[in-house]
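The values are calculated or read from the model by the stated rules, or taken from the named source; none is laboratory data. Every value quoted in this text rests on a predicted model; they were computed, and no experiment measured them. All Cβ positions, even for glycine, are placed from backbone atoms using ideal geometry, and neighbour counts span all protein chains on display. The protein model used for the area step is the full one, side chains on, heavy atoms only, and it has no ligands, DNA or RNA in it. Shrake-Rupley method; radii C 1.70, N 1.55, O 1.52, S 1.80 Å.
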Amino acid sequence: MASRRLFVALRPPEDVAEALLDTMEGIPGARWQDADNLHVTLRFVGEVDRHTAEDLATALESLLFAPFPIRIYGVGHFEGKGRARAVWARVAPSTELDLVQMRVEMACRRAGLPAETRRFIPHITLARLNSGSGFIGDWLHANGALSLGPWQVDGFSLFESDLTPNGAIYSEITKFPWLTQ
């Protein structure tokens, strides 16, 4: 049975994606994301079989929410083993977004997935870095006051991630519009 590498995410609107693309320069050796790969991950699922993927889609389609606004405010980076691994745009704190993420996590558990152990840090990855990537301090300083949006979140999607030698390719499997009570 073939497995699929999945995640649940929100996509920014086109104008926000375009503005994020405008920040993507100034770090030598960075692997900048394409517009189609920009998203806010609510839950990385990982490799699952077809049955689990179907169970997850069923659990996700039952989530009830009203649309809510989010915005980008600032930038940051993730480190691992003493060096920067990625730079990202920060999603401003939002009670509604935290609630959505928690409900997505509960849907994942209902589908039989193990609990996520990493803390939720809402962000949009802009570039992946490796040992050959240049200094990020100037980029962080230049983009530290980045402010985009707000935009209305009106749903989320289940995506498949195909890893290739040139980076991941993301395909939307199912979009789940917000359902209100």
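Taking all protein chains into account, the per residue accessible area for the chain stands at 54 Å² (1.4 Å probe).
Using Cα pairs under 8 angstrom and six or more residues apart, how large is the relative contact order of the range 109-181, in percent? Each step should come with its number before you reach the end.
Details: 38 pairs, mean separation 14.7, N = 73.
About 20 percent, as a whole number.
From helices alone, the chain scores -7000 deg cm²/dmol at 222 nm; the rule is -39500 (n - 2.57) for each run of n ≥ 4 DSSP H residues, then divide by the residue total. The amide H of Val75, built 1.01 Å from its N in the peptide plane, has Arg90, Leu146 as neighbours under 5 Å, considering only residues 5 or more places off or on other chains.
The HN-Hα couplings worked out from phi for the range 102-119 by the Karplus form 6.51 cos²θ - 1.76 cosθ + 1.60 (θ = phi - 60°) are 5, 5, 5, 4, 5, 5, 4, 5, 4, 7, x, 7, x, 5, 6, 9, 7, 5 Hz, whole numbers, x standing for Gly and Pro. Name the long-range amide H neighbours of Gly155: under 5 Å, sequence gap of 5 or more, or other chain; modelled H, no Pro or chain starts. Here Trp178 satisfy the definition.
Each of the peptides 38-50, 165-177, 21-33 was scored by the mean count of other Cβ atoms within 10 Å over its residues; in descending order, highest first, they stand as 38-50, 21-33, 165-177. In terms of the Cα gyration tensor, with a ≥ b ≥ c the square roots of its eigenvalues, is the range 116-181 rounded because a/c is under 1.5, prolate because a/b exceeds b/c, or oblate? Note, shape of the range 116-181 comes out oblate.
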